[in-house]
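Structure, as structure tokens:
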Amino acid sequence: FPNPAPIITPGGPLVFCDGDSVVLSAPPGFARYRWSTGETTQRITVKTSMLATVTVEDVNGCTGVAPSLLVTVNPLPQRPVVTQNLDTLFSTVENGYQWKSGGVPIAGATAPFLLIPRSGTYTVTVRNVFGCEATSAPLSVTIARAAVALPVIEAAPGERVTIPLQLLSSDGLSLSGAKNFTAEIRFDKDLLVPVSAGNWSVQGSERVLSLQGSWPDTTGTLATFECMAMLGNIASMPLRIA
């Protein structure tokens, strides 16, 4: 009787990352199987690097050894650690990076750092030279917020009014490192005329004032500007902040 000539058939790639596996199958129909791992089934699951082969025996007692297959299991990178410095997240060093927000990849965010786009939960998935990946623990980030407003002002034509730009509330400004503000106030150019000095300009039908300064430690007035109320061609108008 001829000796069998078995061939091992892999059920997937023979090179993969730690944590994955590949199924190796010997041809069916033989009476006995003995793998180099000591297993005696027709197919085995391999999770570690090895040189795998199988010896089969048919019903006539004839044996054959399959050509060996090399299985290579590459290591995972160390789990990355994400740290925050002001408005930027940093990953520990690896070969490649992909930042995610809420588990969803951020387009183009493949640098070792990320400028935080919004409040949320962030992770980074790193990739080593073998193409194997590891993901950091999630980090929850809250973007600093500030609520500013201009009050409702009433004045008769010819009357001077001092208008404050007010900080109503803030959250996380100190932790964020924010120290200064820049604001742009817009309103109809015919109803209010500036009296105080400042960076004034006229853009179309609007008068524009640029303000800047430092955040106060608590809520209060950020800045003030003085105008004179005119007769104009309307009775009221919005004061808009940019």
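Values for this structure:
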{"quantity": "Kirkwood hydrodynamic radius of the stretch 1-85, from inverse mean 1/r over distinct Cα pairs, in Å", "calculated": "14.3"}
{"quantity": "Percentage, to the nearest whole number, of Cα pairs in the stretch 136-212 over 15 Å apart", "calculated": "68"}
{"quantity": "Label zone at ARG160, where the point sits 7 Å out along the Cα-to-Cβ direction: the stretch 167-201 residues whose backbone N lies under 11 Å", "calculated": "195-197"}
{"quantity": "Hull-based mean projected area of the stretch 148-189, where the convex hull spans the alpha carbons, in square nanometres", "calculated": "4.1"}
{"quantity": "Contour minus Cα-Cα distance for THR92 and VAL129 (0.36 nm per residue)", "calculated": "11.8 nm"}
{"quantity": "nm² value of the averaged projected area, convex hull over the Cα atoms of the stretch 57-164", "calculated": "14.2"}
{"quantity": "The stretch 130-206, accessible surface, carbon-and-sulfur percent (1.4 angstrom probe)", "calculated": "50"}
{"quantity": "Protein accessible area in the stretch 1-118, 1.4 Å probe - carbon and sulfur %", "calculated": "56"}
{"quantity": "Extension reserve of the ARG32-ALA242 stretch, reckoned as 0.36 nm per residue once the Cα distance is removed", "calculated": "67.6 nm"}
{"quantity": "Accessible area expressed per residue, the chain, with surrounding protein chains retained (probe 1.4 Å, Å²)", "calculated": "59"}
{"quantity": "Simple spin-label estimate for ALA144 and ALA111 in nanometres, 7 Å along Cα-Cβ", "calculated": "2.0"}
{"quantity": "Cα-based convex hull volume of the chain per residue, rounded to whole Å³", "calculated": "187"}
{"quantity": "Percent of C-alpha pairs per 5 Å bin, the stretch 169-230, short to long", "calculated": "4, 15, 24, 19, 13, 12, 9, 4, 0"}
{"quantity": "Gained length - LEU175 relative to VAL59, 0.36 nm times residue gap less alpha-carbon distance", "calculated": "34.1 nm"}
{"quantity": "Partnerless Cys - the chain, beta-carbon criterion under 4.7 Å", "calculated": "CYS62, CYS227"}
{"quantity": "Rule-of-thumb Rg ratio for the stretch 89-132 [Cα; 2.2 N^0.38 Å; N residues]", "calculated": "1.10"}
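The values are calculated or read from the model by the stated rules, or taken from the named source; none is laboratory data. These figures come from a predicted structure and were not determined experimentally. Positions of Cβ are backbone-derived with ideal geometry, glycine not excepted, and every protein chain shown enters the neighbour counts. The protein model used for the area step is the full one, side chains on, heavy atoms only, and it has no ligands, DNA or RNA in it. Shrake-Rupley method; radii C 1.70, N 1.55, O 1.52, S 1.80 Å.
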